[in-house]
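Some notes on the structure that comes next.
The values are calculated or read from the model by the stated rules, or taken from the named source; none is laboratory data. All values derive from a computational prediction rather than experimental measurement. Every residue, glycine among them, receives a Cβ derived from its backbone with ideal geometry; neighbour counts consider all protein chains shown.
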Amino acid sequence: MYDDHSIEREGTILLFDICISIIIFILCLYGSNFFFKDNIINFSSHLFIIPILLPLLLGFLLYFNAYQSPRYYSMAQYTWSIFRAMLLSISVLLALLFFLNIKNISRIVIIAFSLIDAFALISVRLLYKRYFIKSILDKKHQLRILIIGSGERARDLVNTLRKQTAWGINIVGHLDPDPARVGTTILRSPILGTVDDISNCLKKHVIDEVIIAIPRSMLSDAEPIALACEEEGIKLRLMADVFSLQVARFSFTQVGKFPLLTMEYVAQDRNSLLLKRLFDFSLTLLSMPVFLPIMGVVALAIKLDSPGPVLFVQERVGLRKHLFSMYKFRSMHENAEEMLQEIEHLNEAKGPIFKMQNDPRVTRIGKIIRKTSLDELPQLFNVIKGEMSLVGPRPMSIRDVGLFDKGIQRKRFSVKPGLTCLWQISGRSNLPFDKWLELDLEYIENWSLWLDLKILLKTIPAVLKSDGAL
């Protein structure tokens, strides 16, 4: 959101959620002991749940947009967001209690908390919505802005601000370098004077912010504007689209006294990435009791089938092209790398990858574990280490990356590599490299935690069918 008022209000709602949730949880504990006197629960033993439950609940509330501005969210959408967040939070909590075999926690308290707290969180949004509507009608929190410039960029900016500013906006007026335009209006806002009139304009009018929307060629005229804003203590903003590039997100970082403009070509929200990491880490740890025995059996079969190590460790290209050691169960003979040079002319894949239907380097056990994707299981340890994700573009070898012939192909390195992705559920090795890359880029552009979950669920039948596995 553009205006700081929205950020402040969202932060306030977040604090309300934290306080209300803690109070309701404690009241549920007291209520349980009051209504079920024959089954008194230990108060202190339940308090450790709060540091687990709150991050889960707040994380899912953020993910499902429960802190979205009331300008764009209806009560039905708020209710649906809170319902999903609460359901997933309680489900994860109960799963943790089950797998950790913690039995002295009252499930009645947890269920009662989820119902009462969900109602309370919805009520907070209802009050927030009413307060928002009243503020809009009163024009109480409107942002008063002075825009430097009146050309096409300034017009586009005004139209966008009026759409994006949740609590309302008042364009006090414009200042333009051309004296001939003074006295005219632009989108219902007057041109108050020239750029030289900036000091008098700031003294005469109540201004919250000044935005410079003049072309790059005229930025040398911006210094007097900056000095005038400094004298008045008024916030100054500069339109940062100084280059004609398709950029996903701009941001500024202060390094000492130097402000740095950051242009990100793949926008990745930090909160969502943190939630993705927590999701990967938690799900991987919870799956270990199932997969560790399977890995033990596979390791023994590999050892009995052919000489050599159980694991195949190879340098792969990861996030931002940093190298990491990727683990796989060895499915080929020890000298497979040397043999590749002899059979590379038999490559059946198009693009910078090597695939062969009857690869002579593959062992007997190797054919089975490759067909069932069991050879990929050790990469769960790469996920725990944070080098890979459960879902993401497959990590490629240094050899394959060296054969890339298009710069756009390297965009796949803007995210962590993963165990599975869209290619896995769309044909796997049957896909040509160009289609594989297209699906990777599609995943990067449309990423969400919900997409990760759908890919994981669809991967299970794809692996069981062994479609496209070599």
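Tabulated data for the structure shown
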| item | result |
| --- | --- |
| Which numbered condition Leu146 fails, given (1) of a type in the set (A, V, I, L, M, F, W, C); (2) surrounded by 20 or more Cβ atoms within 10 Å (Cβ to Cβ); (3) touching a helix residue (DSSP H, G or I) at 6+ places or on another chain (Cβ under 6 Å) | (3) |
| Unmet requirement for Ser91, which otherwise passes all of (1) part of a helix (DSSP H, G or I); (2) polar (S, T, N, Q); (3) in contact (Cβ under 8 Å) with a residue 24 or more places away in the chain | (3) |
| Residue among Ile111, Ile105, Ile148, Ile122 that is among the aliphatic types (A, V, I, L, M), within 16 Å of Arg84 (Cα to Cα) and in contact (Cβ under 8 Å) with a residue 40 or more places away in the chain | Ile122 |
| Single match in Arg71, Arg9 (criterion: crowded, with 21+ Cβ neighbours inside 10 Å, modelled with pLDDT under 90, closer than 18 Å to Lys129 by Cβ and not β-branched (Val, Ile, Thr)) | Arg9 |
| Residue in the stretch 142-158 that is at pLDDT 80 or above and farther than 28 Å from Ala228 by Cβ present | no |
| Close pairs from the stretch 447-458: first over 14 Å from Asn271 (Cα atoms), partner hydroxyl-bearing (Ser, Thr, Tyr) and surrounded by 14 or more Cβ atoms within 10 Å (Cβ to Cβ), Cβ under 9 Å, at least 6 apart | Trp450/Tyr63; Leu451/Tyr443; Asp452/Ser389; Ile455/Thr420; Ile455/Tyr443; Leu456/Thr420; Lys458/Thr420 |
| Near pairs, Cβ below 7 angstrom, 6+ apart or cross-chain, from the stretch 162-175 (farther than 15 Å from Val206 by Cβ) to any residue that is β-branched (Val, Ile, Thr) and assigned to a strand (DSSP E or B) | Arg162/Ile169; His174/Ile147; His174/Ile186; His174/Ile191; Leu175/Ile148; Leu175/Thr194 |
| Condition met for Leu245 (under 30 Å from Leu143 (Cα atoms), modelled with pLDDT under 85 and part of a strand (DSSP E or B)) | no |
| Some residue of the stretch 300-321 being modelled with pLDDT of 90 or more and within 26 Å of Lys458 (Cβ to Cβ) | yes |
| All positions within the stretch 94-121 that are buried (at least 16 other Cβ atoms within 10 Å of the Cβ), assigned to a helix (DSSP H, G or I) and β-branched (Val, Ile, Thr) | Val109, Ile110, Ile116 |
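Conditions (1) aromatic (Phe, Trp, Tyr); (2) modelled with pLDDT under 85; (3) in a loop (DSSP other than H, G, I, E, B), marked per residue:
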residue	(1), (2), (3)
Ile343	no, yes, no
Met356	no, yes, yes
Arg370	no, no, no
Asn382	no, no, no
Asp405	no, yes, yes
